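Each value in this text was obtained by applying a stated rule to the coordinates, not by laboratory testing. It should be emphasised that the depicted structure is a prediction, and the values quoted were computed from it without experimental measurement. Glycine gets a Cβ as well: all are built from the backbone with ideal geometry, and neighbour counts include every protein chain shown.
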Amino acid sequence: MRSALFALKRLKATKNIRIMNTRWHHLCLLTALALFSFLILFSCVPLQPIPQEPKSPTSRIKHTGNREVIQNLYQQLKAWKGVPYKYGGLSKRGIDCSGFVQETFRTKFQVKLPRNTYRQSRTGEPVLRNELKAGDLVFFRLGYNLRHVGIYLENDRFAHASTSKGVTLSNLNNSYWSRRYWKARRILSRR
């Protein structure tokens, strides 16, 4: 009788361990999947701050007129509209938000900008939201350490690489963007 009771307790303990192992396995898989999804879908910037690189005066400011800036930005938007979002991408096969900003300033204004949102958010001069001009960078907080960047055009509209729509035009007054607006930086000076 004792050996039967012992065998029953042992069987029950083995079953509990299997259940615990299965639960632990599922928890690990769900955590990994959530982390992977989080990084792929929402990240435009590394989670840890990157030391600021020295600013080169010649790469930071380009003198230009407002009408010229608007025309260049609409040309760029037309050429890139609908290109899908791809984290780390920098081509027409896929591009992320900071890559779109960097590529636009390089090709349209011959201005070299940093590659990631964190560094871009520290480039240029701060601008109040009600003083935005074409070419200003607009930044958004999407989460604790997640940032997004776009380029202001006019009439509260900005161009950016959206995770859901790819390169597109959005409105700052849209409830999603207005709640997440963080700050703006001016890269281009006006004549």
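Some points to look at:
- Per-residue Cβ neighbour rank within 10 angstrom, fewest leading, Tyr152, Tyr181, Tyr118: Tyr181, Tyr118, Tyr152
- Added length on full extension, which subtracts the Cα-Cα distance from 0.36 nm per residue, Ser175 to Lys133: 13.0 nm
- Label-to-label distance, nm, for residues given as Arg141 and Lys112 (7 Å Cα→Cβ offset): 3.2
- As a proxy for reagent exposure, Arg119, Arg93 were ordered by neighbouring Cβ count within 10 angstrom, fewest first; the result is Arg93, Arg119.
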